[in-house]
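Some notes on the structure that comes next.
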Amino acid sequence: MSTLSDLLAEHTTLSDGVVDHLQMVVAEWQLLSDLSFADFLLWTPVEDADGEVDDGRFLCVAQARPTTAPTAHPEDLVGGVVTSVEHPQLRRAVLDGRICREEEPKWHLGVPVRRETIPVRYGNQVVAVLSRDTNLAMPRVPSPLEISYLGSASDLCQMVADGSFPTSEPAPDVHTSPRVGDGLIRLDATGSAVFASPNALSAYHRMGHAADLLGTQLAPLTRALISDPFDATEVAQRIRLAVDGQPSMRMEAEARGATVLFRALPLRPRGQAAGALVLVRDVTDLKRRDRALMSKDATIREIHHRVKNNLQTVAALLRLQSRRMSTPEARQALQESMRRVTSIALVHETLSMSVDERVDLDDVIDRVIPMMSDVAAAESRVAVRRDGRFGVVPAELATPLVMVLTELVQNAIEHAFSRGQRGDVSLSASRSAKWLDVLVNDNGKGLPAGFSLERADGLGLQIVRTLVDSELQGSLSLRRGEPVGTQAVLRVPLKRRR
């Protein structure tokens, strides 16, 4: 499905300012749709190959459905074209620059639909048309809530036609900003509440206000309820500014243990003060869950930090013990164990600083390579380097993958080169959506005759085979390099099979 930007770029020559304004209309129009109990469609005149506007045909570039009523259009109309014969109100809205309404409902897919069109004005020009299509199949009994919703919608739609809504202020976050169903309060031109939805009343009751809101001055009342003096002053000021005609962004405040989001919108149809809308959303339970998750994440990171410290202590003990060993074989075994423990400690150190239990393998490997290079310097003159990017992997893949890579590199250092011989070992990575492919390549003396990975009895290769099969669920092969050396080819799936 093409996005609004794609459709506008492909079918129109609208300026960047007009496109940005239409984007803001779409960012705000769920509010219009919910207040109107109607679907909203955004139409632009079709342009010919020369960029000339044909106001006899209109292209649907965006669509919104209400959350407060049945949709009038269960099918997707974005990308469709209609003529002025099929939908004459579209052309009338462009030519007259005013809201137009059909006299009689039209039947659409067996559903009676009432159509209205609202010109979208930018500056002194009508740049698009909003179609407000209401499903009349479900009869509605007029109620204070419905009357207030529809009246507020009419004022906002008139402001769209005036070019005063939406404003050039940054659009609110659609995921966190209060919506109509969360709670709505209508204020008159003096700032007194003339309507409050049940959810809005519940939010204020949770903040400590036990009485009704009707007839109260909302700004001073809200200021008295909010705990923090700065937040109280800020929220009250934004409500007053909205009554005076200035829009405000979303704000969060706490009162008596409750956390509430506020957003105030001025109502000025035809430039005349008509009060304001205040949207409220009680997010107390969401905040409590967020704090619990943050506490859990902090606990997990602390555990990783302590595991890292303990592993580093074990590595230090192994180092001390190896220095006391007189047998070279025993000293080497302890040093290899120290290296394995240190590589695991590096993964836990990275996880102790991660907020999503994911590890940047490039960072870990770049810290392991110097450690292996120091070992190589004592036995040979081998340089180890990384090519390509390993990327970020989940925590459950990180530890076995780092251990496998360190074992393969260490195996190449120990067996591919004679003592004191110069050489190179490289780790090359390539990544797709499903796989991580790693090539460990050396320019040493190559595999011995008759070598078989399955029959190799070295501890390092046994560890590698076990981790690749059971933990990584991947595949590993060793082959002769070209023209010399050995290549270890590792393939690991990035999505674990259950």
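The table for this structure:
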{"quantity": "Leading residue at positive end of dipole, the chain (Cβ point charges), from V141, V61, V341", "calculated": "V341"}
{"quantity": "Translational diffusion coefficient (Stokes-Einstein; Kirkwood radius from C-alpha pairs) of segment 365-498 at 4 °C, 1.567 mPa s, in µm²/s", "calculated": "86"}
{"quantity": "Mean Kyte hydropathy of 0.0 or more with a Cα span along the axis of at least 18 Å, helices from DSSP in the chain", "calculated": "16-36, 144-162, 229-243, 361-379, 395-415"}
{"quantity": "Dipole magnitude (debye, nearest 20) for segment 94-141, charges at Cβ of Lys, Arg, Asp, Glu", "calculated": "140"}
{"quantity": "Largest-first principal axis extents of the Cα set of segment 183-222 (Å)", "calculated": "26, 18, 12"}
{"quantity": "Largest-first principal axis extents, alpha carbons of segment 394-443, Å", "calculated": "40, 19, 10"}
{"quantity": "Reachable aspartates and glutamates, given that their alpha-carbon falls under 19 Å from the alpha-carbon of K445 and they are not under 8 places away in the same chain", "calculated": "E379, E407, E414, D424, E482"}
{"quantity": "Segment 71-179: GluC sites (Glu not before Pro) falling in loop per DSSP and having at most 13 other Cβ within 10 Å", "calculated": "E75, E86, E103"}
{"quantity": "Cα gyration tensor category, rounded, prolate or oblate, for segment 454-498 with a/c compared to 1.5", "calculated": "oblate"}
{"quantity": "Shape call, segment 155-288: gyration tensor on alpha carbons, a/c limit 1.5", "calculated": "prolate"}
{"quantity": "Charge dipole of the chain about the Cα centre (unit charges at C-beta), most positive-ward option of L41, S15, L317", "calculated": "L317"}
{"quantity": "Prolate/oblate/rounded call for segment 102-202, Cα gyration tensor, a/c under 1.5 rounded", "calculated": "oblate"}
{"quantity": "Convex hull volume per residue for the chain, taking Cα atoms only, in Å³", "calculated": "226"}
{"quantity": "All-pairs Cα distance distribution in segment 9-52, expressed in whole percent, bin size 5 Å", "calculated": "5, 19, 22, 21, 15, 10, 6, 2"}
{"quantity": "Among S326, L351, V364 - extreme Cα towards positive end, dipole of segment 326-371, charges at beta-carbon", "calculated": "S326"}
{"quantity": "Electrostatic dipole magnitude of the chain [Cβ: Lys, Arg +1; Asp, Glu -1; Cα centre; debye, to 20]", "calculated": "2220"}
{"quantity": "Fraction of accessible area attributable to carbon and sulfur, the chain (%, probe 1.4 Å)", "calculated": "52"}
{"quantity": "Segment 42-122: translational diffusion in µm²/s, Stokes-Einstein, Kirkwood Rh over Cα pairs, 25 °C, 0.890 mPa s", "calculated": "178"}
{"quantity": "Stokes-Einstein diffusion coefficient of segment 282-435, Kirkwood radius over Cα pairs, 10 °C, 1.306 mPa s, in µm²/s", "calculated": "91"}
{"quantity": "Where V194, V126 fall by accessible area, highest first, once all protein chains stay in place (1.4 Å)", "calculated": "V194, V126"}
{"quantity": "Convex hull (Cα only) mean projected area of segment 217-346, reported in nm² to one decimal", "calculated": "12.7"}
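The values are calculated or read from the model by the stated rules, or taken from the named source; none is laboratory data. The structure displayed is predicted, hence computed values, not measured ones. Cβ atoms come from the backbone with ideal geometry, glycine included; neighbour counts cover every protein chain shown. Ligands, DNA and RNA are excluded from the accessible area calculation, which covers all protein heavy atoms including side chains. Shrake-Rupley method; radii C 1.70, N 1.55, O 1.52, S 1.80 Å.
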